[in-house]
Amino acid sequence: MKRIATVIPVLFCRFQSSSGFDKRSKKSKGFLKNGVIVDLVKPEDHDEGHGDLMDIIYEDIVPAKQPWSRVIAADEVLKITDLEGQQAVDFLCYDAKDLTDRYSTMNTVKVQGNVYVGLDTVLYSDSGTALMTVVEDTVGRHDTIYGCCSTANNRLRYGVETTETCYANFEKALAQHGLGKDAIVSNVNWFMSVPVLADGSAGIAQAELLPGSYVSLRANTEVLAVLSNCPEMHNPCNGYNPTPIKVTVLRE
Ligand SMILES: [Zn+2]
């Protein structure tokens, strides 16, 4: 497998903003392994999070390689837990009152002035509606520029024909809500590291996140949340071993 080895310097210069990044960077220990960045989150960094203060109204395990979706009411919190570690989760959200108003990478990146998603990031829609806000994050940095894996991606990048992809999972999940593949837009990749170098080059880095890493999103308004527990086997985003995740919805 070809791994991206051109991403090394950015690990040490990426946390420059005054947003939550500086604080989060102290939680992560990064090191190099076989010429690839390895991000390591210590298990002691994980506390109980919102579970201490809120009621769990829904909890389920999403098996490896499978999609999931649910309407999340305003002020409810969706917590996504990487149970076994190093599992990418591709994510989209929509204004539940107008499903044509979709998550916008462009608006999200422009408003926060940073290409990485993390604590305090607001996920904006095409119209500028605040859909969800990251309120807990044990990882520190997630991707929103690299999109989801697809049959086309795998053919173009790896020369293989695959059917298990996040794109196909999104199609399945969206169909349950009356949406077609035209609703699939550039998404958030939770637990996936795509460092961007000063010269603009970017690639998926190996991120050895330990079991129990999680991210929590508070819904700013009623949203449709859709995710794909990524089945990709041709790059390091899942450690070449897709595993189950846990989704929890909490309410005060
Ligand atoms: Zn994928």
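Taken as a whole, the condition of being within 18 Å of Tyr124 (Cβ to Cβ), in a loop (DSSP other than H, G, I, E, B) and not polar (S, T, N, Q) does not apply to Ala64.
Residue pairs whose Cβ atoms lie under 6 Å apart, separated by 6 or more positions or on different chains, with the first residue in the range 228-244 and under 16 Å from Thr163 (Cβ atoms) and the second near the ligand (Cβ under 7 Å from one of its atoms), are Ser228/Asp90; Ser228/Cys166; Cys230/Ala88; Cys230/Asp90; Cys230/Cys166; Glu232/Cys149; Pro242/Pro231.
In the range 145-161, the count of residues that are aromatic (Phe, Trp, Tyr) and under 20 Å from Thr81 (Cα atoms) is zero. In the range 88-99, the residues that are touching a residue at least 60 places away in the same chain (Cβ under 8 Å) reach residues that are more than 12 Å from the ligand (Cβ to nearest atom) and among the acidic types (Asp, Glu) with C-beta atoms within less than 7 angstrom, at least six apart or across chains, in these pairs: Tyr94/Asp101; Asp95/Asp101; Ala96/Glu222; Lys97/Glu222.
Number of residues in the range 135-176 that are in contact (Cβ under 8 Å) with a residue 60 or more places away in the chain, more than 13 Å from the ligand (Cβ to nearest atom) and of a type in the set (Val, Ile, Thr): the value is 4.
Can Gly203 be described as small (Gly, Ala, Ser) and either buried (at least 22 other Cβ atoms within 10 Å of the Cβ) or more than 15 Å from the chain's Cα centre (by Cα) (or both)? Here the answer is yes, as Gly203 does meet what is asked.
Taking the conditions (1) without any contact (Cβ under 8 Å) to a residue 40 or more places away in the chain; (2) part of a loop (DSSP other than H, G, I, E, B); (3) within 16 Å of the ligand (Cβ to nearest atom); (4) not basic (Lys, Arg) in turn, Ser127 satisfies each one other than (3).
Of all residues in the range 210-252, those being farther than 21 Å from Asp95 by Cβ, in a loop (DSSP other than H, G, I, E, B) and either among the charged types (D, E, K, R) or more than 16 Å from the ligand (Cβ to nearest atom) (or both) number 5. A single entry from Thr162, Thr108, Thr129, Thr144 fulfils the requirement of being in contact with a helix residue (DSSP H, G or I) (Cβ under 8 Å, 6 or more places away or on another chain) and at pLDDT 95 or above: Thr144. In this structure, is Gly113 in contact with a His (Cβ under 9 Å, 6 or more places away or on another chain) and either more than 13 Å from the ligand (Cβ to nearest atom) or more than 19 Å from Met192 (Cβ to Cβ) (or both)? So Gly113 does not fit the description; no.
Exactly one residue out of Leu197, Leu119 is modelled with pLDDT of 95 or more, among the aliphatic types (A, V, I, L, M) and either away from the ligand (no atom under 16 Å from the Cβ) or under 13 Å from the mean Cα position of the chain (by Cα) (or both): that is Leu119.
Here Val77 meets the list (1) closer than 22 Å to Cys148 by Cα; (2) more than 14 Å from the chain's Cα centre (by Cα); (3) crowded, with 22+ Cβ neighbours inside 10 Å almost entirely, failing just condition (1).
The values are calculated or read from the model by the stated rules, or taken from the named source; none is laboratory data. Values in this document were obtained by computation on a predicted structure and should not be read as measured data. Cβ coordinates were reconstructed from backbone atoms using ideal geometry, including for glycine residues, and neighbour counts include every protein chain displayed.
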